[in-house]
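Take a look at the structure below.
The values are calculated or read from the model by the stated rules, or taken from the named source; none is laboratory data. This is a predicted model, so every value here is computed, not measured. Don't worry about glycine lacking a Cβ; one is built from the backbone with ideal geometry, like all the others, and counts go over all protein chains shown. When the accessible area is computed, the model is the full protein with side chains, heavy atoms only, and any ligands, DNA or RNA have been set aside. Shrake-Rupley method; radii C 1.70, N 1.55, O 1.52, S 1.80 Å.
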Amino acid sequence: MSGAPARTLLLWCPDWPVLAAEIVDGVPATDPVAVLHANRVVACSERARAEGVRRGLRRREAQGRCPQLTVVDHDPGRDARAFEPVVAAVEEVVAGVEVIRPGACALAARGPSRYLGGEEAAAERIVEHVAQTCAVESQVGIADGVFAAGLAARDGRIVPPGGTPEFLAGLPVEALGRPTLTDLLRRLGVRTLGDFAALPAGDVLARFGFDGALAHRLAAGRDHRPLAVRQPPADLTVTADHDEPIDRVDAAAFAARMLAEQLHERLAAHGLACTRLGIEAVTAHGQELHRVWRHDGLLTAAAIADRVRWQLDGWLSGSNGRGGARPARPTAGIIRLRLVPDGVLAQAGLQPGLWGETGEERERAHRALSRVQGILGPEAVVTAVLGGGRSPADQVRLVPWGDERLPARPGPPPLPTAEPPRPTEPVAPDGETGVVRAGAVARSGRRGGVARSGGAPVPPWPGRIPPPAPAVVLPTPLPAAVHDAAGEPVVVSARLAVSAAPARLTVGTGRPAEIAGWVGPWPVDERWWAPAEARRRARFQVCLADGAALLLAVEGGQWLVEAIYD
């Protein structure tokens, strides 16, 4: 957040939601049109403004001022789809465009101003190109920073370098676009951005919070972040032109192999793999041929070459297999061959290794698992994804094969392995901190806090059991009973006081087993704000005399076996 903001060129299309409705839905923007969201006007056409319609008016009031008003529902998706051709038109002139919102995009002004002959010439060139390509009127503003450039675009103004603070100083505080903050500043006597920027930054942060501090930086002409330019999509299509028309299958097979290797190398350079392949051919007489091939796995270079060879063989020989009429053979040989990766996905296994290609086993496994999914359904093949949670069952989520492997909730980084409690001597918990005194499993704070592993912060999960993770998590916890040395049931009070040291454990109807070590409790108090869904429990780690280690939980006076340690 330090340093002077870069010179920024921002292109703004006035009344874009109205123009998007005209482009997509055919609503004439020259008529009185208003775009409504939550029963309030968010944009209106110029003719509607002439009738007194303004942003923020309720629907009934806007229609009262303009009875012939055409009302359109706000659709951000429609606005974004209609704005994509405008962004593409800008990228035809300059590179590195960031979409601020549908109707506004920004880019660094230094590059286009240097090779287009100055900032004013660059602005005129971009506006003219957008008008000719998309038939859309736009305005350009240039200033130091995105915020100032956006305000300058309202007047089509170019603010000289270093003059952004002076340009912003005279604007009203409403230019910040924060109604709540604006109303408060007005009541405090702060009416312009210059007055607001003159306030001490520390006082603004203490009085208005982080959002107010951010607005204070914008009012002073300092952006909070640099431009995040959009990377144009890579052109993955490969084309081969032939001076001599190809009319023999063997020549077509050679051309297919060379082109397939070129396509596969280009995909691998971007870490991508192809699942659908478009094959296009143009004959010497201008006839265009096109076919799309689909594959259940990932198309390798050999698979791409095979499919291109098969398709060229079918076109050149005019054969479609047994039975049926033979398709018409092209009237001339092929002079242009083009491969279009119609379906691509990220594939890290395509990166070359130190001793040859890697990822072949991964591809075979992917094809096999995808084939099983095709027979039994997507949910038939699942993989485990680790995430956050308090219990071992909460920390694992099963994701269908091929879906994005993201945890449902943030989890900690991998923890170092540790051993379960050793049965050398009994383990007793510290009543205040929950730190194991002997035969330690882990060190864990009872409530809140942030544990650390290898210097990396762990998200706070109060009540989360410490490492190591259990080897087997039971789908249905087993009922159990825990007794002390005198044969009395062990209970845990509401204040997490253990009535006596656990001495014997009985699982279901089995025989009692001696407890050699134990540690806990780790309390969990979930959804206390919803009495019908509230849940309180405490967990213990115990080690039995025969060497087995278990994870126990007590809830409502009932002991349960949740997991087993290896």
Looking only at region 515-566, count how many residues are closer than 16 Å to residue 484 by Cα and surrounded by fewer than 22 Cβ atoms within 10 Å (Cβ to Cβ). 5
Within region 188-231, considering residues that are under 27 Å from the mean Cα position of the chain (by Cα) and open to solvent by 70 Å² or more (accessible area, probe 1.4 Å), the one farthest from residue 86 (Cα to Cα): 210
Output the residues belonging to region 187-241 that are touching a residue at least 40 places away in the same chain (Cβ under 8 Å) and closer than 30 Å to residue 254 by Cβ. 236, 237, 238, 239, 240, 241
Cβ-Cβ below 7 Å, separation at least six or inter-chain, first residue in region 150-175 and under 18 Å from residue 110 (Cβ atoms), second surrounded by fewer than 17 Cβ atoms within 10 Å (Cβ to Cβ) and not β-branched (Val, Ile, Thr): which pairs? 158/120
It is to be established whether one or more residues within region 6-16 are open to solvent by less than 20 Å² (accessible area, probe 1.4 Å) and among the aromatic types (Phe, Trp, Tyr). yes
Pairs under 6 Å by beta carbon, first residue part of a strand (DSSP E or B) in region 371-392, partner of a type in the set (Lys, Arg) and open to solvent by less than 50 Å² (accessible area, probe 1.4 Å), six or more apart or different chains? none
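Given the criterion crowded, with 18+ Cβ neighbours inside 10 Å, of a type outside the set (D, E, K, R) and modelled with pLDDT of 85 or more, identify the matching residue among 337, 299. Working first, answer last.
Numbers: 299 fails: modelled with pLDDT of 85 or more.
Only one candidate qualifies: 337.
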Checking the structure you have, find out if any residue of region 262-283 is at pLDDT below 80 and on the phi > 0 side of the Ramachandran plot. yes
Does residue 259 count as closer than 25 Å to residue 234 by Cβ, modelled with pLDDT of 80 or more and crowded, with 22+ Cβ neighbours inside 10 Å? no
Looking only at helices (runs of 4 or more DSSP H) that fall completely inside region 162-206, which ones have 2 or more residues that are touching a helix residue (DSSP H, G or I) at 6+ places or on another chain (Cβ under 7 Å), within 20 Å of residue 145 (Cβ to Cβ) and among the small types (Gly, Ala, Ser)? 193-197
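Does any residue of region 78-100 turn out to be over 22 Å from residue 123 (Cα atoms), of a type outside the set (Lys, Arg), surrounded by 14 or more Cβ atoms within 10 Å (Cβ to Cβ) and within 26 Å of the chain's Cα centre (by Cα)?
Let us first name the residues in region 78-100 that are over 22 Å from residue 123 (Cα atoms), namely 78-81.
Subset that is of a type outside the set (Lys, Arg): 79-80.
Imposing the further condition that a residue be surrounded by 14 or more Cβ atoms within 10 Å (Cβ to Cβ) reduces the set to 79-80.
With within 26 Å of the chain's Cα centre (by Cα) added as a condition, the list becomes 79-80.
Yes, region 78-100 contains at least one residue that is over 22 Å from residue 123 (Cα atoms), of a type outside the set (Lys, Arg), surrounded by 14 or more Cβ atoms within 10 Å (Cβ to Cβ) and within 26 Å of the chain's Cα centre (by Cα).
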How many residues, within region 101-123, are within 16 Å of residue 13 (Cβ to Cβ) and open to solvent by 60 Å² or more (accessible area, probe 1.4 Å)? 1
Do we find a residue being under 35 Å from the mean Cα position of the chain (by Cα) and either open to solvent by 30 Å² or more (accessible area, probe 1.4 Å) or among the hydroxyl-bearing types (Ser, Thr, Tyr) (or both) anywhere in region 66-73? yes
